[in-house]
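Down below is the structure, laid out as structure tokens.
The values are calculated or read from the model by the stated rules, or taken from the named source; none is laboratory data. All values derive from a computational prediction rather than experimental measurement. We place every Cβ from the backbone using ideal geometry, glycine too, and count neighbours over all the protein chains shown.
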């Protein structure tokens with residue numbers, strides 16, 4: 001598990017840098033695909049509850065440290081998303097396109113739903129305004145990037161997870 005967490009954090013850091021540099025230049029309504037969220041969702045789905053929660057927390061702390069977000073905001077949100085995504089492990093089998101699209105769409109909507117009440121309590125937290133195109137653009141970009149991202153991560157399973165899934169042996 002230590003090895004998979006190391007590689008997950010490495011990939012999340014690379015995704016965060018990619019999102020804030022290259023992808024920021026081609027933003028749609030100010031939104032870029034949340035690749036770090038896609039990585040978390042994949043790992044939580046592939047590895048289960050404990051890995052989903054730990055990966056969510058650690059990737060959230062990493063994102064809190066390299067972003068302007070209040071410390072703990074991303075850690076809380078991504079821990080909950082990691083836990084929720086891991087609940088589908090072994091229960092949802094839909095193929096290589098529909099499953100990643102659905103999981104990343106639900107994770108994006110859950111992120112927005114969790115940010116809203118926090119923005120009411122803490123004024124420095126900004127939520128997604130439902131009437132603005134930002135949320136819907138990010139949702140569309142996350143859904144479009146999910147299948148190729150999951151395919152890439154599936155190929156990196158040996159690196160990220162250390163060995164094949166127990167189910168596949």
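Remarks
- Filtered residues of the stretch 77-125 (kept if touching a helix residue (DSSP H, G or I) at 6+ places or on another chain (Cβ under 6 Å), at pLDDT below 90 and over 19 Å from residue 53 (Cα atoms)): 97, 125
- The set of residues in the stretch 120-140 that are out of contact with any strand residue (DSSP E or B) (no Cβ under 9 Å at 6 or more places or on another chain) and surrounded by 15 or more Cβ atoms within 10 Å (Cβ to Cβ) comprises 125, 127, 128.
- Sole exception among (1) in contact with a helix residue (DSSP H, G or I) (Cβ under 9 Å, 6 or more places away or on another chain); (2) outside any loop (DSSP other than H, G, I, E, B); (3) at pLDDT 85 or above; (4) surrounded by fewer than 17 Cβ atoms within 10 Å (Cβ to Cβ) for residue 159, by number: (3)
- Among the conditions (1) in contact (Cβ under 8 Å) with a residue 40 or more places away in the chain; (2) buried (at least 17 other Cβ atoms within 10 Å of the Cβ); (3) assigned to a helix (DSSP H, G or I), residue 3 misses just one, which is (2).
- The lone exception for residue 30 - which of (1) under 21 Å from residue 156 (Cβ atoms); (2) at pLDDT below 90; (3) touching a helix residue (DSSP H, G or I) at 6+ places or on another chain (Cβ under 6 Å) it fails: (1)
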